[in-house]
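Reading through the structure tokens given below for one structure.
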């Protein structure tokens, strides 16, 4: 018999504690990462905001990450082992971050709006 995702996921009853999130990182320019840990221990989401002209590093996570870009544009510099590469991010785009890679997001100084994206990955508490 095949297991379904719903059968494999562990959930807890009650209101979700994700409404406000926890601020994990803030820069002097106001860029930030807010972490939302949901009642499903295998999943975690981060809201990332990079202000125009600022940069922010997203460290390697416990698993591969999916970045969903909602607003703005930026350059992503990816460092994995001995290699570095860059990619352009823009609203509506999706980016896959390797579990072993850190990503630095840099918004241009002349950007007219914040870069806003969500990064999803396995829950850091569940993987320890």
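The values are calculated or read from the model by the stated rules, or taken from the named source; none is laboratory data. None of the values given here were measured: they were computed from a predicted structure. Here the Cβ is made from the backbone with ideal geometry for all residues, glycine too, and neighbour counts use every protein chain on show.
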Can you work out which of the residues in the stretch 19-45 that are at pLDDT 80 or above and assigned to a strand (DSSP E or B) is surrounded by the most Cβ atoms within 10 Å (Cβ to Cβ)? 44
Looking at the stretch 108-121, can you tell me whether even one residue there is free of Cβ contacts under 8 Å to residues at least 60 places away in the same chain, outside any loop (DSSP other than H, G, I, E, B) and under 24 Å from residue 29 (Cα atoms)? no
Are any residues in the stretch 48-67 in a strand (DSSP E or B) and crowded, with 16+ Cβ neighbours inside 10 Å, and if so, which ones? 48, 49, 50, 55, 56, 58, 65, 67
Given 101, 109, which one is more than 16 Å from residue 55 (Cα to Cα) and modelled with pLDDT under 95? 101
